[in-house]
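Working notes for the structure below.
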Amino acid sequence: MYKKFLFLTVAIFFFLNSYSQLSVGYHQSNLPFINIGYDINERLTPELRLGTDQFISDMSLEAVLNYKFIKKESYDFYAGLGYRVNAFEGLVAPVGLNFYPFNEKKFGFHIEAAPILLDADILRGSFGIRYRFLKN
């Protein structure tokens with residue numbers, strides 16, 4: 001199942017041929033992770049998230065599809081749904097805020113709360129940094 005999940009997630013990111021904008025980020029929490037996101041359009045962003053600060057055998061992978069309910073030049077508010085495998089496996093429902101306080105809107109910060117449900121029943125809170133590879 002893990003290999004099928006990984007293949008499906010990679011396919012979502014690399015086989016879309018519409019509007020795109022790539023972003024990377026780091027979330028600090030008790031369950032920290034790095035993420036790579038790929039805006040399909042102005043509102044939808046699938047993300048692949050990989051747990052950090054763990055032994056390789058315990059590394060977790062998440063696939064999440066976020067929808068930006070509010071999208072402004074300096075910030076956006078989003079919520080999403082996804083699934084996490086390996087450690088603390090379960091349904092993930094993130095709600096967060098990205099904000100870009102600098103003149104050039106590539107680098108920013110984010111905060112997020114994400115319940116991990118089913119087997120885990122955890123509420124994960126995180127904060128961190130984000131970089132968007134904006135097209136000129």
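The values are calculated or read from the model by the stated rules, or taken from the named source; none is laboratory data. If you're wondering where the values come from, they're calculated on a predicted model, not measured in any experiment. FYI the Cβ positions are ideal-geometry reconstructions off the backbone, even for glycines, and counts take in every protein chain you see. Only protein heavy atoms, including side chains, enter the accessible area calculation; ligands, DNA and RNA are left aside. Shrake-Rupley method; radii C 1.70, N 1.55, O 1.52, S 1.80 Å.
Other residues within the sphere of radius under 11 Å centred on the Cβ of Leu91, judged by their own Cβ, net out at -3 (K and R +1, D and E -1).
Accessible surface calculations at 1.4 Å, restricted to protein heavy atoms, place segment 24-136 at 52 Å² per residue. Restricting segment 85-124 to GluC sites (Glu not before Pro) that sit in a DSSP loop and have at most 11 other Cβ atoms within 10 Å of their own Cβ leaves Glu104.
Measuring max minus min along each principal axis, the C-alpha atoms of segment 34-114 give extents of 41, 22, 21 Å (largest first).
A simple count of charges around Phe102, restricted to other residues whose Cβ falls under 14 Å of its Cβ and scoring Lys, Arg +1 and Asp, Glu -1, yields +2.
For segment 41-63 versus segment 73-125, the spacing of their alpha-carbon centroids is 11 Å.
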